[in-house]
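Everything below concerns the one structure shown next.
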Amino acid sequence: MKVSGNYASKIDIAKELAELDCRAVTLTAVARTKPADSRQIYKDVKGTQSQSGQTPTDHQWFFASKERRKQAAFLLMTYAKYREHYSSMADSHGVAFTLAYRLYVKVAKDDAEISGERWQLLVGRGFERNWRDIPKGGSTGFEYDNAKVMLCRKCQTPHLVEAHHLSYQCPTCS
């Protein structure tokens, strides 16, 4: 594996993601490593080949439960904070993605519902370009049925909601 100074940070991000059980396809998408390198990194870190299979494509999955809504909002808000903090770095997306996901896995433990692949769908395809708008209620860039983070009007807990909501009350407060 050829390693320039710039590519070394991408490899470090990919290794961290592999440790967090993200598949090789996610390593490539987030760390921006070459697919062959991502597969090798995954194998080196996990001792086995990365699982194959289709990556998630439907962000509607997040709306199926209140836990997913809350966990997605936590991830997005954490990502936005890390992304702002590391915005001067060339790999700020990869660093913020990885740090947010690591914290999420640590905090949620056995209750974690969002895989690295689902997380990549939400932030990588939905918010990577307009990540600064996450805390302000900005919506995703999906082709249809966009989403945004919004506070419950009663308990003030952030939830991922459909972008058309002007006000939101979570199921716990309803």
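A short reminder: the numbers here are calculations on the coordinates, not readings from a lab. In this text the structure is predicted, and so the values were computed from the model without any measurement. When we count neighbours, we look across all protein chains shown, and the Cβ atoms used for this are built from the backbone with ideal geometry, even at glycine.
Take the Cβ-Cβ distance between GLN51 and SER174 as r, set R0 to 45 Å, and report the resulting FRET efficiency rounded to the nearest 0.05.
0.75
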- Query: Which one of THR55, GLY94, GLN120 is farthest out on the positive end of the charge dipole of the chain, using unit charges on Cβ (Lys, Arg +1; Asp, Glu -1) and the Cα centre as origin?
  - Reply: GLY94
- Given springs between every Cα pair under 10 Å in a Gaussian network model of the chain, which of THR55, THR140, THR28 has the largest fluctuation? THR55
- Take the Cα coordinates of segment 1-53, assign each an equal point scatterer, and use the Debye formula without solvent to give log10 I(q)/I(0) at q = 0.19, 0.29, 0.30 Å⁻¹. -0.49, -1.13, -1.21
- Going out from 0 in 5 Å bins, what whole percent of all Cα-Cα distances in the chain drops into each bin? 1, 9, 18, 20, 20, 15, 9, 5, 3, 1, 0, 0
- Message: Starting from 0.36 nm per residue, how many nanometres of slack lie between ALA8 and ASP111 once their C-alpha separation is accounted for?
- Response: 33.8 nm
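For a test of the definition: using alpha carbon positions, the gyration tensor, and the 1.5 limit on a/c, classify segment 21-94 as rounded, prolate or oblate. Intermediate results must be reported in sequence, preceding the final value.
Working: a/c = 2.45, a/b = 1.24, b/c = 1.97.
Oblate is the answer for segment 21-94, as a/c is 1.5 or above yet b/c matches or exceeds a/b.
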- Note on the structure: The ratio Rg/Rh over the Cα atoms of segment 92-132, Rh being the Kirkwood inverse mean 1/r radius, stands at 0.98
- Loop-resident sites, segment 113-174, for trypsin sites (Lys or Arg not before Pro), counting at most 12 other Cβ within 10 Å (DSSP): ARG129, LYS136, ARG153, LYS154
- Message: Once you place label points 7 Å from the Cα toward the Cβ at SER167 and ASP133, how far apart are they in nm?
- Response: 2.4
- Query: Of the cross-linked pairs LYS70/LYS148; LYS43/LYS106; LYS66/LYS136; LYS10/LYS106; LYS81/LYS136; LYS66/LYS148, which ones have a Cα-Cα span greater than 18 Å in the structure shown?
  - Reply: LYS43/LYS106; LYS66/LYS136; LYS10/LYS106
- Message: Within 14 Å, Cβ to Cβ, of GLN51, how many net charges do the neighbouring residues add up to if Lys/Arg are +1 and Asp/Glu are -1?
- Response: +2
